[in-house]
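Heads up, the thing below is written out as structure tokens.
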Amino acid sequence: MEAGKNEKNYRPWQIRFTDRDNGVSLMPRITRKTAIELAVLGLVVVIAILFRVIRVQWGAYMGAFDPLFQLRVTEYIVENGYASWFSWHDTMSWYPWGRNIARSSYPGVPFTGAFVYFVARAMSLDLTVYQVSLYFPVLMGSITCIFAYFIGRDFGNSSTGLMAAFFMAISEAFVGRTFLGFYDTENIGIFGMVAITLFYLRSLDSERSFNERLIYGIVAGITLGYTFASWGATRYIVGLLILFSLAVLITGRFEKKHIISYALTLGIGLTITLFIPRLGVKYIQSTENVAAILLGVLIIIYEYTRQRLEERQTMRLISGLVIALILGVFMLEALGVANPITGKFWRVINPMQSAGNPLSQSVAEHKRSVWSSFFGTFGIAFPLAILGTYFSINELDDRRLFGSIFFITAAYFAGSMIRLSLLLSIPVGLMAAFGLTELLKPFVALSKRKAVKGRRRRKVIWKGLNRELSIIFALFMLLAIMPTIWGTSEISIRPTSMASSSVPALFGDRYPQDWLQTLNWMRDNLADNAVVVSWWDYGYWIEAIGKQTTLADGATTNRSQIGYIGRIMMLNQTESLPMLEAYDATHIVVFNTFNPNNPGNQWPFGDNAKWSWMVRIGELNILDYVNITNGETTAKYDESTLNRLMNMLPDPGYKLVFASEFRYVLVYELNYDA
């Protein structure tokens with residue numbers, strides 16, 4: 001078979017066979033267009049990998065804090081089996097109560113990481129769990145770029161697909177969550193969002209057979225369930241499917257295929273949540289899922305009713321269904337059937353809502369974005385995405401309607417919370433690719449067009465354009481993309497937080513190793529029954545690498561206990577010591593960052609920059625610690641346990657037993673009899 005001339009019917013992997021009876025080989029022969037496309041896609045994947053692994057030059061270390069928890073869970077599954085995860089009560093975290101892992105975390109990442117490890121071992125690859133976890137984000141980031149290619153190709157053409165993959169490969173927001181060592185829920189979360197989009201939209205493709213569409217709908221549902229099992233933000237895709245279905249109704253595009261795809265995707269996805277301990281029936285009762293189920297019922301009623309109605313009556317029916325959906329959700333919330341959206345998810349929907357919780361406010365990723373940051377993060381891709389959305393709205397079909405809603409809603413949510421720039425990277429990549437290919441169409445057409453009179457060629461002017469202008473425009477677009485590439489390169493070359501001890505300062509040809517030194521010392525020197533107190537940020541590090549029991553970590557499951565630690569740190573040592581004894585604490589760790597050549601020059605990376613949040617979360621009065629008028633700290637701050645320990649001025653009950661190379665991390669042993 002030979003690749004068709006029509007771009008819509010062209011399949012990227014089409015090959016041609018020839019007949020050996022006629023003297024030619026029956027071996028498959030890839031068409032020239034397919035070969036070029038494969039080569040370009042391969043190059044994009046290589047670029048994606050390079051951006052994500054380049055920081056290995058600073059050492060093969062995990063990134064951030066949460067990935068160490070995922071690593072620890074993966075190791076536990078590999079050692080004890082998948083079934084053990086469901087009954088694991090971790091006693092090393094949140095001492096003395098511990099943590100029910102199955103009911104407080106998602107299985108997606110550690111289960112998948114363990115699966116990859118087992119496959120690697122079955123293939124006789126000598127890999128450790130650590131190595132698999134280290135490179136897993138790179139693998140998922142690269143696969144996501146390939147899936148983005150297929151979405152883009154379905155959305156426009158092969159050029160759109162390649163550009164979508166390229167924009168995902170160089171996206172600063174996406175690279176920042178799939179680089180070497182960032183082994184966390186977003187690895188599967190963003191892949192899942194892209195895969196669901198691909199499969200769901202293909203399940204609506206009228207050019208495919210019914211069986212094909214049915215299979216894609218089932219796969220979309222399974223992928224949705226997999227993503228539910230991996231990432232809390234998956235609830236966004238449910239809202240997106242609701243909005244898309246409503247838009248299809250309102251724009252008069254609704255067909256029976258929409259019911260089938262919607263029912264399969266959400267039905268299978270929500271069924272899978274019943275088997276995830278953290279989710280279960282309670283999750284299905286959340287407002288967005290109740291709304292999705294109610295909408296499914298309403299569109300079935302619509303499908304069986306509209307055939308008997310005139311056009312004007314149909315519009316009234318649609319309006320009535322939308323009103324019924326809104327009122328139904330409110331009524332079910334009032335009756336207690338639906339659980340209202342609260343916390344950070346509600347603040348994303350309503351950015352005017354104050355966090356009210358200092359623990360949430362202390363997390364930098366939860367802060368609101370400024371619109372200018374979109375241009376800084378995505379560069380030329382963001383205005384191209386706006387242009388692509390405009391082109392899509394002018395020529396609507398199911399894919400373009402879905403893409404437009406995806407971009408508009410993701411941009412809104414990313415404006416509410418910095419962290420959701422990651423979510424925005426998907427529609428920005430897709431819509432920017434479509435906008436760019438649409439923008440280049442006249443120039444591409446001009447480069448192909450020839451006017452021949454006899455055997456002589458003459459220059460063609462088409463709509464005021466010529467080839468020279470086409471070349472200039474192409475060069476302009478290339479130069480416009482370069483700042484984004486350079487910006488992502490700068491992000492990519494930075495060391496992981498573990499490799500630099502969260503201090504992005506080079507000392508000679510290396511970054512400080514203070515935290516690694518401290519954690520290794522803890523692992524080798526502290527007793528098995530030691531209980532280490534630190535600010536919650538470092539809990540996962542101490543548990544996973546230091547192998548020690550902690551009072552709090554990045555799960556932030558017990559706000560009261562974090563507040564208790566805040567009070568320990570900010571009260572004086574005499575008051576703090578009995579509080580530490582109440583929790584059987586054996587050691588306390590503080591993290592202070594400063595210029596080692598000038599210790600008076602404080603750097604804002606350690607507890608010295610976080611103490612104000614300790615005061616707020618500990619429900620102490622900030623005015624007791626700082627003079628708001630001149631910004632100077634008070635005597636109460638100077639006498640606080642944190643400040644005294646950071647400056648190595650301990651009372652007799654605190655004994656310094658370890659100081660890292662630059663004295664950034666200090667470990668004190670507690671003596672309650674002193």
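The values are calculated or read from the model by the stated rules, or taken from the named source; none is laboratory data. Note that the coordinates shown come from a computational prediction; the quantities given were computed from them, not determined experimentally. FYI the Cβ positions are ideal-geometry reconstructions off the backbone, even for glycines, and counts take in every protein chain you see. Ligands, DNA and RNA are excluded from the accessible area calculation, which covers all protein heavy atoms including side chains. Shrake-Rupley method; radii C 1.70, N 1.55, O 1.52, S 1.80 Å.
Some notes on this structure:
- Proximal aspartates and glutamates to Lys257, defined as alpha-carbon separation beneath 19 angstrom and excluding residues fewer than eight positions away on the same chain: Asp154, Asp205, Glu207, Glu212, Glu303, Asp397, Asp398
- Segment 221-282 shape via C-alpha gyration tensor axes, a/c threshold 1.5: prolate
- Residues whose amide H lies under 5 Å from that of Arg177, counting only those 5 or more places away or on a different chain, are absent; hydrogens are built 1.01 Å from N in the peptide plane.
- Rounded to the nearest 10 degrees, the inclination of helix 287-305 to the longest alpha-carbon principal axis of the chain is 20 degrees.
- For Asn339, nonlocal amide neighbours, meaning residues 5 or more places apart or on other chains whose placed amide H falls under 5 Å from its own, are Ser286, Thr287.
- The accessible area of Ser421, taken with all protein chains in place and a 1.4 Å probe, comes to roughly 10 Å².
- Near Thr178, once Lys and Arg are set to +1 and Asp and Glu to -1 for all other residues with Cβ below 10 Å from its Cβ, the sum equals 0.
- Most to least packed among 329-338, 155-164 [average Cβ atoms within 10 Å]: 155-164, 329-338
- Nonpolar atom fraction for the chain, defined as the carbon and sulfur part of the 1.4 Å probe accessible area, stands at 60 percent.
- Under the simplified labelling scheme, the Leu127-Ile260 pair shows an inter-label distance of 3.8 nm, with each label point 7 Å from Cα along Cα→Cβ.
- 0 to 90° range, to nearest 10: angle between helix 381-394 axis and the chain longest Cα axis: 40 degrees
- Accessible area (Å², per residue) of the chain, counting only protein heavy atoms and a probe of 1.4 Å: 46 Å²
- A dipole drawn for the chain from +1 and -1 charges on Cβ atoms has a positive end, and of Asn525, Ile146, Met331 the residue lying farthest that way is Ile146.
- Per residue of the chain, the DSSP helices (runs of n ≥ 4 H) give a summed -39500 (n - 2.57) that works out to -18500 deg cm²/dmol at 222 nm.
- The listed peptides 145-153, 602-610, ordered by packing as a protection proxy, come out as 145-153, 602-610 (highest mean of other Cβ atoms within 10 Å first).
- Three-way shape call for segment 558-660 based on the alpha-carbon gyration tensor, with the a/c threshold at 1.5: oblate
- Scalar couplings 3J(HN,Hα) for segment 551-558, obtained by applying the Karplus form with A = 6.51, B = -1.76, C = 1.60 to θ = phi - 60°, are 8, 7, 8, x, 5, 6, 6, 10 Hz; x denotes Gly and Pro.
- Cβ-based charge dipole, the chain, positive-most Cα from Trp346, Val175, Gly539: Val175
- Relative to the Cα centre, the charge distribution of the chain, modelled as +1 at Lys and Arg Cβ and -1 at Asp and Glu Cβ, gives a dipole magnitude of about 4140 debye.
- Using C-alpha pairs under 8 Å with a sequence gap of at least 6, the mean separation divided by the residue count of segment 569-674 gives a relative contact order of 35 percent.
- Spread of Cα-to-Cα distances over 20 Å intervals beginning at zero, given as percent, for the chain: 16, 45, 30, 9, 1, 0
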